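See below for the structure under consideration.
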Amino acid sequence: MKCLFKYLLIALLFFINGPVVNAQSGRFDNEISAFKKQDSISFPPKNAILFIGSSSFRMWKNIGEDFPGYTIINRGFGGSTLLDVIDHADELIFPYEPRQVVIYAGDNDLASSDTITSQMVVDRFKNLFFLIRDRMPAVPVVFVSIKPSPSRERLLLKMKEANKAIKDFLKKKANTSYVDVFDKMTGRKDRIKTDLFLEDNLHMNAKGYAIWKELITAYLLKD
């Protein structure tokens, strides 16, 4: 009965978000093709830790060096949303047979339209989570909280709501972790630490990534 309920929930979430997924198809063809070409030349080792999500991962150029002793596959792409990650899961998640999946997404979902609510982001994350659990039931899932950024300060309340709901959801699921980067990137009264960002006030500089490195390391599985 529980299994039937899970499949019904996945189907419902796909129904809710499906038209948007289809509308976004093709946005990242060049990046996906580049990953495939790279894999055809030298396919990454199985049982690695997969980082999947948006440009906060894509722009982490020295991610392998930042996590010595771990085998990392970085598949952050473009300004991707949770829907984009779902759309490309068959290409960017499952073929690698990872030992652990680390997700950063949701930021761009909220920024894509004022009509996107925090609950919609939570539902999209659940959709992705159940998709991964269905195909790789024993693989641990780590969610890196939606980060605050100066250019998206208007979205802070939605970010906090989505983060809390996802954290509460993961507490009830086995083999999951929630990495809170939000609080380390803000000060009193949620004032964003602007010195952690590049000139675009959206993407992080080395100081910002140093915080992420410290926090994420505690949750990674050793080879």
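Work out how much length residue 46 to residue 180 would gain on full extension: take 0.36 nm times their residue separation and subtract the Cα-Cα distance, in nm to one decimal.
Separation in residues times 0.36 nm, less the Cα-Cα distance, equals 45.5 nm.
Straight-line reach from residue 158: which aspartates and glutamates have a Cα under 18 Å away, not including same-chain ones fewer than 8 places off?
Answer for residue 158, where 18 Å is the Cα cut-off: 107, 109, 114, 123, 168, 180, 183, 190, listed by chain and number.
Treating only the Cβ of Lys, Arg, Asp and Glu as charged (+1, +1, -1, -1), what charge dipole size does the chain show about its Cα centre? Round to the nearest 20 debye.
Working: 32 positive and 26 negative charges, 149 e Å.
The dipole of the chain has a size of about 720 debye.
Mind checking which of 77, 56, 93 is farthest towards the positive end of region 49-94's charge dipole, using Cβ charges of +1 (Lys, Arg) and -1 (Asp, Glu) about the Cα centre?
56
On the accessible surface of the chain, probed at 1.4 Å, how many percent belong to carbon and sulfur atoms?
Carbon plus sulfur share of accessible area: 55 percent.
I'm spelling it out carefully: the read-out is P(r) over Cα pairs in 10 Å bins from 0, in percent, the candidates are (i) 7, 25, 22, 14, 11, 8, 5, 4, 3, 1, 0; (ii) 8, 35, 39, 17, 2, 0; (iii) 8, 27, 33, 22, 8, 1, 0, and one was derived from this structure. Which label?
From the options (i) 7, 25, 22, 14, 11, 8, 5, 4, 3, 1, 0; (ii) 8, 35, 39, 17, 2, 0; (iii) 8, 27, 33, 22, 8, 1, 0, the structure gives (ii).
Of all trypsin sites (Lys or Arg not before Pro) in region 46-83, which ones are in loop regions per DSSP and have a Cβ with at most 11 other Cβ atoms within 10 Å?
Passing sites in region 46-83 are 61.
In straight Cα distance, which lysines are under 23 Å from residue 36, not counting same-chain residues fewer than 8 positions off?
Residue 36 reaches 46, 61.
With every protein chain kept in place and ligands, DNA and RNA left out, what is the accessible area per residue of region 51-148? Probe 1.4 Å, answer in Å².
Ligands and nucleic acids excluded, the figure is 28 Å² per residue.
Given a Förster distance of 25 Å, report the FRET efficiency between residue 29 and residue 199 from their Cβ-Cβ distance, rounded to the nearest 0.05.
0.30
The values are calculated or read from the model by the stated rules, or taken from the named source; none is laboratory data. Bear in mind that the values here come from a model prediction, so they are computed numbers and not experimental data. Cβ sites come from the backbone with ideal geometry, for glycine too, and all protein chains shown count toward neighbours. Calculation scope for accessible area: heavy atoms of the full protein, side chains included, ligands and nucleic acids excluded. Shrake-Rupley method; radii C 1.70, N 1.55, O 1.52, S 1.80 Å.
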